[in-house]
Amino acid sequence: MSDGTREQRQRAEAEKLATEVLRHGTNTQRRSLFVSAAAFGAAAMTLPGASPASAQTAPAAPRRRPIIKDDSRVLNIGATVRSGNYWDYKTFMTPIEEFYVRNHYPTPTAETRPVLAQENWKLRIHGTSVERPVELSYNDLLGMRSRTIIATMECHGNGRTLFWEQDGLTGQQVAGGNWVLGAVGQAEWQYVPMSEIFARVGIKPGARTVLFWSGVDGNDMGRPMPYSDVVAQQHDMGVCFAMNGNPLIPDHGAPVRMVVPGWGGTASIKWLTEIRVTDRRVWCRLNTRGEVYIGPSYQRPEFSQEDEFIGVGAEDIQGPMVTWMPPKSFITVPLVLEKSPSVPANYPLQRGQVPRLSAGRQELTGYAWAPQNGVRQVDVRIDGGQWQRAEIRQPNLGKYTWVRFSLPWDATAGQHVIETRTTDNAGTVQPETVPLNTLGMANWAIPKFRVEVA
Ligand SMILES: Nc1nc2c(c(=O)[nH]1)N[C@H]1C(S)=C(S)[C@@H](COP(=O)(O)O)O[C@H]1N2
Ligand SMILES: [Mo]
């Protein structure tokens with residue numbers, strides 16, 4: 001690993017202070033302290049002894065932050081996006097504080113958007129294919145039968161970095177944020193399955209599209225899913241109100257979001273307000289030019305005059321939308337960034353800097369996931385040698401969960417390249433390279449980790 005950089009020390013410092021803040025007081029006090037700490041930014045973290053009273057009398061008009069989550073345990077890659085510190089991941093479940101946040105707009109809260117207060121929130125379920133339209137309140141939703149599922153969530157743009165770092169590709173052809181590899185995490189999601197929703201409202205024959213809509217953070221925020229795909233996953237996906245056993249926090253869609261396990265994160269619309277089921281096909285930003293594969297190897301989907309267009313025209317249809325996320329893997333070492341257009345401010349490595357490991361026997365550890373079919377095996381290769389089968393650690397809870405793996409390594413001094421490769425239960429193997437797509441969606445090529453052993 002990189003030796004104690006300034007950022008890491010600062011992070012450790014901030015974390016210690018935050019823990020101290022959290023240790024004071026009862027649950028409610030803890031909550032108010034946490035909220036005020038978040039609202040006032042890092043400065044509030046330097047007041048570990050502050051009483052709840054003094055927290056409440058602190059300056060009245062805090063600067064609004066586009067992301068509420070504290071930056072001490074995530075990678076700040078842009079105003080409304082935070083990536084995970086994947087090189088530090090240790091746990092099977094990703095703590096909320098470490099979970100990536102991908103927002104197209106600043107996080108809306110009940111304060112800024114009163115429709116998001118639990119007592120005001122409403123979910124409208126309607127459309128030409130719905131027999132009995134309803135409007136559900138938060139309490140109505142909590143009264144319905146729910147399930148929990150442990151599943152990864154990953155942004156389509158995760159791994160975009162690999163296009164920039166891949167030899168022979170001109171990085172300028174790919175646009176988007178530099179997540180490196182951390183726009184993935186695993187949580188337990190509690191949700192009312194779509195099967196329950198469908199049973200409640202009744203679906204007429206001929207339904208083609210289910211449109212999941214927010215419209216709260218931005219007026220183009222929603223995404224259609226083919227009805228047949230929703231039915232195929234109707235027990236596993238649904239209307240989600242809790243993450244890791246707690247009510248959702250604003251950054252993750254409070255009070256209610258969609259969760260579509262295994263599909264790229266965009267399908268899991270946050271701050272959900274509307275589900276519309278229709279017998280037409282629907283086009284909006286996120287399935288035309290927003291989160292789609294655009295490039296010479298991809299075909300523009302066909303459309304017809306009967307389709308519905310929301311805020312876009314037929315000319316906006318540029319490529320197929322991303323659905324299932326492909327098999328992927330990484331070891332818990334920061335990837336060296338040489339050609340990427342940007343390096344996140346609090347990344348543990350400077351541009352071109354190589355992480356250091358100490359020589360001798362050790363375990364290489366990592367994560368692998370393949371949500372469409374589940375992970376069958378993970379292989380690791382050092383300096384282009386033989387692929388070696390890594391040990392998959394328990395728990396392994398099925399196709400939607402990632403697995404942690406490890407491989408013993410007797411590291412010798414010098415520079416090395418470590419590669420990881422997942423094979424899924426359908427026999428699909430991570431490829432050496434993937435064809436270019438200009439938004440850098442779903443790069444699942446074998447990552448190459450350079451390390452320096454001393
Ligand atoms: N309303 C709304 N829903 C949204 C988004 C958004 O910006 N607005 N971002 C999407 C994207 S691109 C991803 S990857 C996931 C990220 O979920 P998370 O921030 O809880 O990790 O939310 C999705 N749902
Ligand atoms: Mo995303």
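Of note:
- Kirkwood radius, region 114-316, all distinct C-alpha pairs, inverse of mean reciprocal distance: 18.0 Å.
- Region 269-330: trypsin sites (Lys or Arg not before Pro) in DSSP coil with no more than 11 other Cβ atoms inside 10 Å: none
- Lys/Arg +1, Asp/Glu -1 at C-beta; the chain dipole; positive extreme among VAL434, TYR89, GLY265: TYR89
- Beta bridges per DSSP with both ends in the chain, % antiparallel, nearest 5: 90 percent
- Projected-area average for region 328-453 over all orientations - Cα convex hull basis, square nanometres: 8.6 nm²
- Helix-derived mean residue ellipticity, 222 nm - over the chain, DSSP H n ≥ 4, -39500 (n - 2.57), to 500: -4000 deg cm²/dmol
- Cut-off under 5 Å, modelled amide H: who pairs with MET225 long-range: VAL210, LEU211, PHE212
- For region 261-335, the set of GluC sites (Glu not before Pro) satisfying both a DSSP loop assignment and a count of at most 16 other C-beta atoms within 10 Å is given as GLU302, GLU306.
- Here the spin labels are modelled as points 7 Å beyond Cα on the Cα-Cβ line, and at ARG300 and GLN362 they lie 5.1 nm apart.
- A simple charge model with +1 on the Cβ of Lys and Arg, -1 on the Cβ of Asp and Glu and nothing else charged puts the dipole of region 114-316 at about 400 debye relative to its Cα centre.
- Looking at region 97-126, the GluC sites (Glu not before Pro) that sit in a DSSP loop and have at most 14 other Cβ atoms within 10 Å of their own Cβ are GLU111, GLU119.
- Distance between the 7 Å Cα→Cβ label points at GLU452 and ARG147: 5.0 nm.
- Rg/Rh, computed from the Cα trace of the chain with Rh as the Kirkwood radius, has the value 0.97.
- Links that overshoot a 26 Å alpha carbon limit, given the list LYS204/LYS399; LYS270/LYS328; LYS122/LYS204; LYS122/LYS399; LYS69/LYS339: LYS204/LYS399; LYS122/LYS399; LYS69/LYS339
- Label-point gap, in nm, between PHE309 and VAL115 - each point 7 angstrom along Cα→Cβ: 2.4 nm
- Here region 114-316 carries DSSP beta bridges of which approximately 85% are antiparallel, counting only pairs with both residues inside.
- Calculated FRET value between ASN139 and ALA345, using beta carbons and R₀ = 35 Å, to 0.05: 0.25
- Sites THR412 and LYS90, calculated FRET efficiency, Cβ-Cβ separation with R0 41 Å, nearest 0.05: 0.95
- Each Lys and Arg contributes +1 and each Asp and Glu -1, all at the Cβ; summed about the Cα centre of the chain, the dipole is approximately 560 debye.
- Per-residue extension of 0.36 nm, minus the Cα-Cα distance of TRP324 and ASN219, leaves a gain of 35.3 nm for this segment.
Every number here is computed from the coordinates shown, using simple stated rules; none is lab data. The structure displayed is predicted, hence computed values, not measured ones. We place every Cβ from the backbone using ideal geometry, glycine too, and count neighbours over all the protein chains shown.
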